[in-house]
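A.B. asks: Here's a structure for you.
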Amino acid sequence: LQQSVVLVSLVFIFLLAPDIARHYELDEAYSWLIRVLGIALVMASLKTVPAVLIQRQLRHDLFALTEVIEHVVYLSAAIILAMMGYGVWALVVATLLRGLSGVIMLYRICWWRPALGFDLETAKDVLKFGVPLQITGFVKLANNAVVPVVAGSMLGPAAVGLINFSRVILDALGFQPLILMGKVQLRVFGRVQDEPEKLMRLMNKSLLIGSTITFYLMSVFVVQAPLFIEYVVQDKWLPALPVIYVMAAGYVLLAIVVPYTQALKALGDAVTPLITTSVRFAMLLAVFVALVNDFGLTGYAIAVVAAILLSAPILVVRLHR
């Protein structure tokens, strides 16, 4: 199923590449750049099953080793080829080499050989759980598009830069630790999905650890944000401070959202996370549009917090039921 989706996507990329290049007013040569990068999708899809098997064994150390090697290969190739004068093609070749090195490493660690065949009942189970997850991913992409499309249209490109600057820093400090913990939580919760008491004990520990880490990091950064901007980046980013202050509260709430989402997925419920993500996207868009004229940049930050705050109870109520 996955390879079919990837191959169809690759066909569309090959056909639409010239139109994409013309849309961005690029030379015809860039259409081949887009096509070659499309091949990286195939390599990424080949890594999925070995990666899942390794994570299911909770060998995140091996998975991390693979990712480190991929990044070393990518950076080394990109820098060397760029110094040799290959321009943007240095990044393209480096991307392909990164994908190839990842495939080789994962298959050496966890050999998995695909076989031809199709089981309709298995496919139904996979699609019943997988399709809502994929739609959730698309909704998250739409959520991210609110900044460049809506904020850019209403507040201009400078506002997009300030919002993205705030999001990148807060993501690195507050969201990425939760995402890394969430990958482990999904596997651990799945192993005790038939033992409610044990699952709730693990949930309590996850909420405690995630909340402690996130609250600590957000508190420290909010206090030190003016100094960070002054000494680490540049003063031109100071207008982002109100956005950082407000959005930090929303990132603390994610310490509740992530483990509840992973627990529901571990229990086989992919629909509730989809509903929650859709509600969050709708609330973000509605609140931002309502506040943008009066609060400007800070209106986006308020919308982020309101969207998380109003959508999180759906996860909590559903899991406890």
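The values are calculated or read from the model by the stated rules, or taken from the named source; none is laboratory data. Small disclaimer: the values here were computed from a predicted structure and weren't measured. FYI the Cβ positions are ideal-geometry reconstructions off the backbone, even for glycines, and counts take in every protein chain you see. The accessibility values were calculated without ligands, DNA or RNA, using every heavy atom of the protein model including side chains. Shrake-Rupley method; radii C 1.70, N 1.55, O 1.52, S 1.80 Å.
Residues are listed down the side, and each one gets a yes or a no for (1) within 24 Å of residue 186 (Cβ to Cβ); (2) surrounded by 15 or more Cβ atoms within 10 Å (Cβ to Cβ):
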site: 15; (1), (2): no, no
site: 41; (1), (2): yes, yes
site: 56; (1), (2): yes, no
site: 65; (1), (2): yes, no
site: 76; (1), (2): no, no
site: 88; (1), (2): no, no
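A.B. asks: Follow-up question, since we're still on this one. Can you tell me which of 271, 257 is buried (at least 17 other Cβ atoms within 10 Å of the Cβ), over 18 Å from the mean Cα position of the chain (by Cα) and among the aliphatic types (A, V, I, L, M)?
C.D. replies: 271
A.B. asks: Between a first residue in the stretch 135-147 that is at pLDDT 80 or above and a second residue that is in a helix (DSSP H, G or I) and among the aromatic types (Phe, Trp, Tyr), which pairs have beta carbons less than 6 Å apart while being 6 or more apart in sequence or on different chains?
C.D. replies: Short answer, once both residue conditions are applied: 139/281.
A.B. asks: Restricting attention to the stretch 90-109, which residues are surrounded by fewer than 20 Cβ atoms within 10 Å (Cβ to Cβ) and in contact (Cβ under 8 Å) with a residue 12 or more places away in the chain?
C.D. replies: 90, 91, 93, 95, 96, 97, 100, 101, 103, 107, 109
A.B. asks: Among the residues that make up the stretch 234-252, is at least one of them touching a Phe, Trp or Tyr at 6+ places or on another chain (Cβ under 6 Å) and free of Cβ contacts under 8 Å to residues at least 40 places away in the same chain?
C.D. replies: No, because not a single residue in the stretch 234-252 is touching a Phe, Trp or Tyr at 6+ places or on another chain (Cβ under 6 Å) and free of Cβ contacts under 8 Å to residues at least 40 places away in the same chain.
A.B. asks: So, one more: How about the stretch 149-160: which of its residues are assigned to a helix (DSSP H, G or I) and surrounded by fewer than 15 Cβ atoms within 10 Å (Cβ to Cβ)?
C.D. replies: 149, 153, 157, 158
A.B. asks: Does the stretch 176-185 include one or more residues that are closer than 30 Å to residue 290 by Cα, open to solvent by 40 Å² or more (accessible area, probe 1.4 Å) and either part of a helix (DSSP H, G or I) or among the β-branched types (Val, Ile, Thr) (or both)?
C.D. replies: yes
A.B. asks: Look through 285, 264 and report the one residue that is of a type in the set (A, V, I, L, M, F, W, C) and open to solvent by 20 Å² or more (accessible area, probe 1.4 Å).
C.D. replies: Going through 285, 264 in turn, just one is of a type in the set (A, V, I, L, M, F, W, C) and open to solvent by 20 Å² or more (accessible area, probe 1.4 Å): 285.
A.B. asks: Considering only residues of the stretch 288-306 that are free of Cβ contacts under 8 Å to residues at least 40 places away in the same chain and under 23 Å from the mean Cα position of the chain (by Cα), which is surrounded by the most Cβ atoms within 10 Å (Cβ to Cβ)?
C.D. replies: 303
A.B. asks: So for the stretch 18-37 (the condition being among the aliphatic types (A, V, I, L, M), under 30 Å from residue 180 (Cβ atoms) and surrounded by 15 or more Cβ atoms within 10 Å (Cβ to Cβ)), does at least one residue qualify?
C.D. replies: The answer is yes, given that some residue of the stretch 18-37 is among the aliphatic types (A, V, I, L, M), under 30 Å from residue 180 (Cβ atoms) and surrounded by 15 or more Cβ atoms within 10 Å (Cβ to Cβ).
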